[in-house]
1. Which ones in the range A:43-91 are of a type in the set (F, W, Y) and under 24 Å from B:G212 (Cα atoms)?
2. Residue under question is B:E147, and the condition is that it be part of a helix (DSSP H, G or I), more than 15 Å from B:N200 (Cβ to Cβ) and either away from chain A (no Cβ under 14 Å) or under 30 Å from the mean Cα position of the chain (by Cα) (or both); does it hold?
3. Filter the range A:254-301 for residues that are of a type in the set (F, W, Y) and without any contact (Cβ under 8 Å) to a residue 60 or more places away in the chain and give the result.
4. If I ask for residues that are surrounded by fewer than 17 Cβ atoms within 10 Å (Cβ to Cβ), assigned to a helix (DSSP H, G or I) and at pLDDT below 90, which ones from the range A:125-138 would you list?
5. List the pairs whose first member sits in the range B:265-283 and is surrounded by fewer than 23 Cβ atoms within 10 Å (Cβ to Cβ), whose second member is among the aromatic types (F, W, Y) and part of a loop (DSSP other than H, G, I, E, B), and whose Cβ atoms are under 8 Å apart, counting only residues at least 6 apart or on separate chains?
6. Select from the range B:435-444 the residues that are crowded, with 22+ Cβ neighbours inside 10 Å and either among the charged types (D, E, K, R) or more than 7 Å from chain A (Cβ to nearest Cβ) (or both) and list them in ascending order.
7. Keeping to the range B:249-273, report how many residues are among the basic types (K, R) and in a strand (DSSP E or B).
8. How do the pairs read when you match residues in the range B:394-406 that are within 12 Å of B:L423 (Cα to Cα) with residues anywhere that are among the β-branched types (V, I, T) and surrounded by 22 or more Cβ atoms within 10 Å (Cβ to Cβ), using Cβ under 7 Å and keeping only pairs 6 or more apart or on different chains?
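The values are calculated or read from the model by the stated rules, or taken from the named source; none is laboratory data. Source: prediction; values computed, not measured. Note that we place each Cβ from the backbone using ideal geometry, even for glycine, and neighbour counts take in every protein chain shown.
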Amino acid sequence: MQKYLIRRVLFAVVTLFGVSISIFVIMRVLPGDPLVAILGVEGHARMTPADRERIMADLGLSAPLPVQYVRWLRDIGSGQLGKSFFRGDTVAEQIMHRGPISAEIAILSLIVSWLVGLPVGILSAFRPNSIPDAVARALSVLFIAIPGFWLGMLIVLASLFWFGYKTPMVIVQLWQNPWENLQIVIGPGIVLGLAQGAYIARMSRSCLLEVIGEDFVRTARAKGLKEGLVVMRHALPNALLPVITISGVLLGFVLGGSVAVEQAFGVPGLGRAMVSAVIERDIIVVQNLVLLYAVIFVLVNVLVDLSYAWLDPRIRYS
Amino acid sequence: MTDHTSKSERPGTLDRRTFLKNAGAVGAGAIVASRLSAPARAAAQDATVRPDPAAKRGGTLRYGIHSASAHFDVHQSGTVANIGPQSPMYDTLLRRSPKDGQTIIPDLAERWEIAPDGKKYTFHLRKGVKFHDGADFTAEDVKATYERICRPPKGVVIPRTPLFATVGEIVVVNPHTIEFRMTEPRPKAYMLSSFASGWNIIVRKKTLEDNGGNLRQVMNYPGTGPFKHVERRDKEIWIQERNPNYWNKGLPLVDRLEIYHGFPFSPEHGAAFLAGKTDYARLLDPISWRKAKEMKGVTAGVFNQSVIQAFWTNMQRNKALADPKVRRAIHLVMDRPTLVEVVKDTAPMQVGGFVYPFHEMSTPRAELEKKLGYQKDIGPAVQEAKRLMKEAGYAGGLKNLEFLVRGDIATFKLWAVAIQAMLKEHLNIESNLRTVQTSVWFDEAAAGNFDLAISAIVSSLMDPSDIFSAWYGKGGPQNYSRWSNASFYELTPQIEKELDDNKRRVLVRKAEEILENDPPLIPISYEQIYDAWYDKVHGQNPSTFFGIYDVVRWDNVWVS
């Protein structure tokens, strides 16, 4: 187990190193001039070559690429993750301020996805080809198909025009005012959670259908166990492994999806910060946020792998 | 749809003009055709802003505006993202009256004198004014500020520098008197407008020295303004409180200013206002604005913005576009009323030519609307355009023009499609759209990698001399077409120097004629601004304002 863990951690480090190089290079080869955002259209148009040289040097963009990369690694090491090109605040400050909101949205969506997806999957599996199964399958396809940002926008508009309601405009952390905080995260959490829930419903349905055909389930029923016990104690635990795997993968979708969904709901989380940074070409912010997302994704997948051994005694890592 | 049925002879077809009109007509409401009065050019030395005697003091004003600035240096900025949230913390030498947004009145200069030959401006500064950090305000601060604006240090780019191109020496006469000595005179209105520009905030000499002349990353540098910084959360809120030591006793009227970030024309910004989360919203999208207009207890205002929306024709890369006849033809086939309609749910616009259509020296609107290229019926203009294309040897049209589009702004995307269609339909000019991010657009435009390129540009002043230099100037920073016209460049220095308004007007009209026949860009329209506020907000009515950069101090505004 220990060897396996070390190997996974090493692989994770290599993966993150690859991600860091990719995002670093991509941000520098993509067309677009960050000085347009810094100086504005008129200022940019009036900038002389000498001005450009000076500003690029101030931003650290005139140094050779390997030097810039090493500086970035040093900033990561210091825990500050570098400074925004523009306003001078550190990326670590941005993450500390906006990160909790995005994390809450991710956790909430995960909870919603399990709360919705699992019962629907169980119902479908135990009443296959029934009307509830057909409805559940249709709904799951629908929620997979609907783009989260579009659904988000509809919810925002419906809340406004029907109830004159708009969520708080500034970040309120959970520990500051739980009620206002909930108003900020609940919309994106549900929208992202429903899309994930649809995947989980489909996955749990197909896994359960496979498991309930197994001998041990028939044996459980033959013993006279109630159907609920058969499901909860015997069928479900054995069908859960793929569902957990897909939850780990779906977290990646949540991270990616949150960029558009936060924008639609006007939630000032990390996703929105990413959108602004891309538009402004705030290279340092973009590369740090991408790396952060990669770290979370890799970490979750390692945890998912490790959880197999805990959930299924037959699995042992050596 | 009746029009469509009667016009269309072939069932199932829709002519392009009708299509574009219908497309633009989605949603309700009509563009408000601006008939604002010509800007007053008055300067009133005895009209310092005074508190409204009926005003209720105290309370909080919640203001929604784009406030996600890329940096904090107001002098170096050209965006409302800076001026919107930062202006209340600073003063200028002169200012525009918040009553009409036009009259130039005293601010930190309590009075001024202009030499009869127009070559010296003397400002008498207020005494007893303090910066927010407690330091005294003196003429040295004004000198340091204006030296920086007139002659920015390396690595500092200030868009307003050209306004002060003729400022020679800046001389501190005594701690409360300063002289600007000009190398050559400029019209008084032009110079006073430049000094009253909201961008030219007065900052401390020491602040500039301490930061190497660059304030881009200095969030809270001391001003003398009516409000003081309390807290700022990026892209969320900027909180300011009343400056208890403000030199203008009795102002500001509200205790606290909460400036909420709302991206211009975004549904979120509109939603915040409609849901009552903000008391005053600037740059509302048309749909939210119309909704606000229908609401009880809400006033919706419209005023002119200092922006021209246009597309450029690259004369260096494309031989055909170098021919003035071809550019005039393209100019003529633009169905401008329809183009305004096309974007009416995205941003408010009005038809105009090469000079602000509401400027007192430009061709009056009624006269403009009779000219080819601005008429509602574009038939005669299209005939003339076809004749010009034939004369130029391009009767068969043009192929494969590359049309560069700023992709992050909805109006440009809508217009590009409409313009592409108009060019194809009327002149058989075929173009391919290339949509890019703003930061890429400016690189490509500056490098000349386009045939047609659509965008917008602002000016600091409404004065034609400013726009003639910034928009059409030879080798000018935004002369993306690489346009040049000897007669125009002969005329513009005369316009700059002419001190007699009537003679200047005649010269401006001459310049307009040159531009009509040899277009340096193709004007699409001029932007307007939609504001809305709940009736509990008093003291602000922007209907006669020009732009959103000069009157944003909120010192005289109160909340009931």
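1. Within the range A:43-91, the first condition is being of a type in the set (F, W, Y), and the residues that meet it are A:69, A:72, A:85-86.
If the condition is that a residue be of a type in the set (F, W, Y) and under 24 Å from B:G212 (Cα atoms), then A:F85, A:F86 are the ones that fit.
2. On the way: part of a helix (DSSP H, G or I): yes; more than 15 Å from B:N200 (Cβ to Cβ): no; either away from chain A (no Cβ under 14 Å) or under 30 Å from the mean Cα position of the chain (by Cα) (or both): yes.
So B:E147 does not fit the description; no.
3. Of the range A:254-301, the ones of a type in the set (F, W, Y) are A:265, A:293, A:297.
Once the filter is applied, which keeps residues that are of a type in the set (F, W, Y) and without any contact (Cβ under 8 Å) to a residue 60 or more places away in the chain, the range A:254-301 yields A:Y293, A:F297.
4. Applying the first criterion (surrounded by fewer than 17 Cβ atoms within 10 Å (Cβ to Cβ)) to the range A:125-138 yields A:127-132, A:134-135, A:138.
Going one step further and asking which of them are assigned to a helix (DSSP H, G or I), we end up with A:131-132, A:134-135, A:138.
Result: A:P132, single match.
5. B:A275/A:Y165
6. Listed by number, the list holds a single entry, B:W441.
7. We begin by selecting, within the range B:249-273, every residue among the basic types (K, R); these are B:249, B:256.
This time we only want the ones that are in a strand (DSSP E or B), so: B:256.
The total comes to 1.
8. Listed by first residue and then by second, the contacts come to B:G397/B:I429; B:L398/B:I429; B:L401/B:I429.
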